[in-house]
Amino acid sequence: MYAILDIETTGGKFNEEGITEIAIYKYDGHTIVDQFISLINPEREIQPFVVNLTGINSGMLKNAPKFFEVAKRIIEITTDCVIVAHNANFDNRILTTEYRRLGYEFERETLCTVELSQKLIPDLDSYKLGKLCRTLGIPVSSRHRAEGDALATVKLFKLLMNKDNGKEIIKTAIKKEIPKKIAPKLQSLLENLPTSEGLFYIQNETDILYIGKGKNIKKAANQLFLKDSKRAIYIQNNVVSVLYEETGNALISELKFVVEIIKNKPKFNQLLSKRNGPKVSFNNDNFIMIEKGRTLGEKSVILVENNILLGYCYIDLSYQLNNLEILKSLISKVENSNYNRLLIKKYFNTHTLEKLIRF
């Protein structure tokens, strides 16, 4: 579980700043499950340059709650969560300082979307939130206000999770949640799984044991828990949590499954040894395949350029699709192997695409 947040402050000397506004979105890796947004009376002056930047002035904060009045709510919404923020060290330091003033030690693990972006989307000109969102086609409303920036960070984090083939983001959260995830009955592990198409990950205390896929994630995981083979029994006895990723359609499931197996090498999945079969060529050198996405209004995209399979992504906005550079920055890479190319050719032959763009 993640607490994705943004904080606006008064500015001023280091460790003497006060909070003027905070927005927190509790995110389970798929949807926002809770939120808290509030102006806060910092009980100190706001630096003039901050007023110009955020538009928040002292008059707006006269009747706002003071930090001690919202401190309990912040504790509640961030408990058992990893704090996620753009420049997380700053936001975490501000919260830690405010709680220290109240005589309370605020300790949370953090993830920084600046650092994650630098790792997963290298070589960009700028990693400032506004410029990064423009580069990636992420809409931002109310820039330099906590609600707008936090919501943009949620969208950015969702995109970064998509590109994180090594599952480093999820593993960070798992380490935090393991004590609560060990369940005596397998049924309890199935309760929160969706009935949509996608992948699921069987996890023990430290590793991914098995990756599965299916049109119905819950049904596919349940079938594994009902098997009585040696492999299945070992998995049933050692499972700690079942994670999942919705994909929206069968082709993305197949391509993502290949990526995940190669990257994570789960103990109980067979390695894909047929990636270099007979050479497969596409009839067109440059095309974009568009299919349904994971949610209403979202589309999945597969990009082929110069007869090379670049990868896949999800988009919400048409201008992301119409701008090839933005599209390339959103792409999660997949191996340009004959195995993956054959998956695409077979999908062409057995499915009617929602849309195909040649360029």
Failed condition for GLU69, given (1) surrounded by 17 or more Cβ atoms within 10 Å (Cβ to Cβ); (2) within 13 Å of ILE22 (Cβ to Cβ): (1)
Restricted to the stretch 9-54 and to residues being among the acidic types (Asp, Glu) and part of a loop (DSSP other than H, G, I, E, B), the residue farthest from ILE83 (Cα to Cα) is GLU45
Among the residues of the stretch 86-93, are any in a loop (DSSP other than H, G, I, E, B), open to solvent by 30 Å² or more (accessible area, probe 1.4 Å), touching a strand residue (DSSP E or B) at 6+ places or on another chain (Cβ under 9 Å) and without any contact (Cβ under 8 Å) to a residue 60 or more places away in the chain? yes
Which listed residue, of GLU45, GLU17, is out of contact with any Lys or Arg (no Cβ under 9 Å at 6 or more places or on another chain) and modelled with pLDDT under 95: GLU45
Restricting the stretch 1-18 to residues that are of a type outside the set (S, T, N, Q) and touching a helix residue (DSSP H, G or I) at 6+ places or on another chain (Cβ under 6 Å), the one surrounded by the fewest Cβ atoms within 10 Å (Cβ to Cβ) turns out to be GLY11
Which of the following residues is of a type outside the set (Val, Ile, Thr) and free of Cβ contacts under 8 Å to residues at least 24 places away in the same chain: GLU45, GLU105? GLU105
Is it the case that some residue within the stretch 296-311 is modelled with pLDDT under 90 and of a type in the set (Lys, Arg)? no
Exactly one condition in (1) in contact with a Lys or Arg (Cβ under 7 Å, 6 or more places away or on another chain); (2) buried (at least 20 other Cβ atoms within 10 Å of the Cβ) is false for GLY137; which is it? (1)
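The values are calculated or read from the model by the stated rules, or taken from the named source; none is laboratory data. Just so it is clear, the model here is predicted, and its values are computed rather than measured. Note: ideal-geometry Cβ built from the backbone for every residue, glycine included; neighbour counts use all protein chains shown. Protein only, heavy atoms only, side chains kept; ligands, DNA and RNA dropped before computing areas. Shrake-Rupley method; radii C 1.70, N 1.55, O 1.52, S 1.80 Å.
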